[in-house]
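Below is one structure, written out as structure tokens, with a few remarks after it.
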């Protein structure tokens, strides 16, 4: 009797375990379907982007002598930017615009020697006849959003141009961009980011590789298709009345730019994205700066989806607008899915082998991969690299694309933590991305006071995950089940290179 009971219990346990294996494979398949859908939506934007490239028309620039030029306030939010602030102020004071219609606000929340240095530089330019103002806050309340909001209290411009500390607009920027407020409902003219230090290192090349997609296919595609898009926080111009009408700058998310963009568009305002105007900027040159930037962007995106989606879904907006807005606001959440797919791929590999199932039914993932390849090819080879006349673009693409895929997957743990915090509503401070004025290989990170010299637990966990995928590769070889080998190699490389850069940049003194 006891033997029969034990046999029955064992049988039930085996059935439960087998069913759990099938459930795991089903969940894994659904997650891959979501990732594939996300990638295919990029193809939709690519189609819209190509259409607007055929149809777009450039508007003539203003000239400084035009009598109807509007008044413009240029806001420069800075915080401890000792290495780039001189470059910024020298550049902004070269803007071609009538001095009596141009106001410059230096919104300085600095706590180091940047403070005294900037005051001296502002006084220097004021003596040269510039309408330039130094505005310092003691407490950084609201961080960047708070600084911009505070500056608006004293501003006089009908339009507000915003440039972060590492951005270098060309002298004709205002004269070129302002004509694109050619319709009364346009709230923002956003321009494309360029990269002054793209070739500094592999890390900067990979960042430019991805940002080129956002500032061509994604932004121009959404604009052309009539969907909501975003002001990117810098290198753009706001109509002052639109800021006020949308409720002004708010500091309850880490991406105040995305927040205000959506609130303005939900009130009927439009964003005009102009790809043909490029504003160069400096990319983070070390992994800790890149990670702090990614954390802020990913968490801010999740915070905005939590804040804005309920209102959007309850609104009278068309269904297609709601759908694309939802996918846009939830874009950072893709890293949660990617990380889940990565970690569960090892037990899924074992389950597929146990059930003698081939992974061919997961072949639909290739559609997503081809979609991503097409989008990155168009953005880089056909657009940005073509403009720069990059040598051997196809071979450069063949090298950078798999490396980028590996690095992106390697960032999935770090970014997933940011997304989860955003969804949970956990608050954290605005951690700036320090810039070091590193433009070419002769410039070094050594002796830089803004360098971070600390490895957190996430980085150590990334090293453990790298070892996990080394085990996964060995398991696949042992089981002679090779369908996941390439995937696991990319994951091993991605988490490994994150840990490598962390150690390398930690050692720089």
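The values are calculated or read from the model by the stated rules, or taken from the named source; none is laboratory data. From a predicted model like this one, the values you see are computed outputs, not experimental measurements. All Cβ positions, even for glycine, are placed from backbone atoms using ideal geometry, and neighbour counts span all protein chains on display.
Name the residue, out of 123, 145, 161, that is closer than 21 Å to residue 249 by Cβ and assigned to a helix (DSSP H, G or I). Going through 123, 145, 161 in turn, the sole match is 145. The residues of region 455-509 that are farther than 20 Å from residue 344 by Cβ and part of a loop (DSSP other than H, G, I, E, B), listed by number, are 455, 456, 480, 507, 508, 509.
Would you confirm, using the coordinates I've provided, whether residue 417 is part of a helix (DSSP H, G or I), touching a helix residue (DSSP H, G or I) at 6+ places or on another chain (Cβ under 7 Å) and within 29 Å of residue 330 (Cα to Cα)? Spell out the reasoning first.
On the way: part of a helix (DSSP H, G or I): yes; touching a helix residue (DSSP H, G or I) at 6+ places or on another chain (Cβ under 7 Å): yes; within 29 Å of residue 330 (Cα to Cα): yes.
Yes, satisfied.
Based on this model, can you work out whether residue 63 counts as modelled with pLDDT of 90 or more and assigned by TED's automatic domain parsing to the domain that holds residue 112? In short, no. Does any residue of region 215-237 turn out to be closer than 25 Å to residue 302 by Cβ, without any contact (Cβ under 8 Å) to a residue 60 or more places away in the chain and assigned to a helix (DSSP H, G or I)? Yes, region 215-237 has at least one match.
Of all the listed residues (283, 260, 290), the sole one being crowded, with 17+ Cβ neighbours inside 10 Å, under 21 Å from residue 151 (Cβ atoms) and in contact (Cβ under 8 Å) with a residue 12 or more places away in the chain is 260.
Pick out the one residue from 210, 158 that is at pLDDT 95 or above, in the same structural domain as residue 240 (by TED's automatic domain parsing), surrounded by fewer than 19 Cβ atoms within 10 Å (Cβ to Cβ) and under 17 Å from residue 239 (Cβ atoms). Spell out the reasoning first.
Details: 210 fails: under 17 Å from residue 239 (Cβ atoms).
Being at pLDDT 95 or above, in the same structural domain as residue 240 (by TED's automatic domain parsing), surrounded by fewer than 19 Cβ atoms within 10 Å (Cβ to Cβ) and under 17 Å from residue 239 (Cβ atoms) holds for just one of 210, 158, which is 158.
Pick out the one residue from 243, 237 that is surrounded by fewer than 24 Cβ atoms within 10 Å (Cβ to Cβ) and not assigned by TED's automatic domain parsing to the domain that holds residue 386. Let's see the steps before the verdict.
Working: 237 fails: surrounded by fewer than 24 Cβ atoms within 10 Å (Cβ to Cβ).
After ruling out the rest, the residue left standing is 243.
Picking from 89, 69, which residue would you name as being in a helix (DSSP H, G or I), at pLDDT 95 or above, in contact with a helix residue (DSSP H, G or I) (Cβ under 8 Å, 6 or more places away or on another chain) and under 30 Å from residue 149 (Cα atoms)?
On the way: 69 fails: in a helix (DSSP H, G or I).
The match here is 89.
Give region 432-457 a look and list any residue that's at pLDDT 75 or above and surrounded by fewer than 17 Cβ atoms within 10 Å (Cβ to Cβ), or say none. Those that are at pLDDT 75 or above and surrounded by fewer than 17 Cβ atoms within 10 Å (Cβ to Cβ): 455, 456, 457. One residue stands out among those in region 100-115 that are surrounded by fewer than 20 Cβ atoms within 10 Å (Cβ to Cβ) and modelled with pLDDT of 95 or more: the one that is nearest to the chain's Cα centre (by Cα), which is 101. Anything in region 134-185 that is closer than 29 Å to residue 293 by Cα, over 27 Å from the mean Cα position of the chain (by Cα) and in contact (Cβ under 8 Å) with a residue 60 or more places away in the chain? List them, or say none. Across region 134-185, the qualifying residue is only 155.
Take residue 97 and tell me if it is modelled with pLDDT of 95 or more and part of a loop (DSSP other than H, G, I, E, B). First the steps, then the outcome.
Numbers: modelled with pLDDT of 95 or more: yes; part of a loop (DSSP other than H, G, I, E, B): yes.
For residue 97, the condition - modelled with pLDDT of 95 or more and part of a loop (DSSP other than H, G, I, E, B) - is met.
Only a single criterion out of (1) part of a loop (DSSP other than H, G, I, E, B); (2) in contact (Cβ under 8 Å) with a residue 12 or more places away in the chain is not satisfied by residue 408, namely (1). Only residues that are loosely packed, with under 14 Cβ neighbours inside 10 Å and either touching a strand residue (DSSP E or B) at 6+ places or on another chain (Cβ under 6 Å) or part of a loop (DSSP other than H, G, I, E, B) (or both) were counted across region 363-405, and they come to 5.
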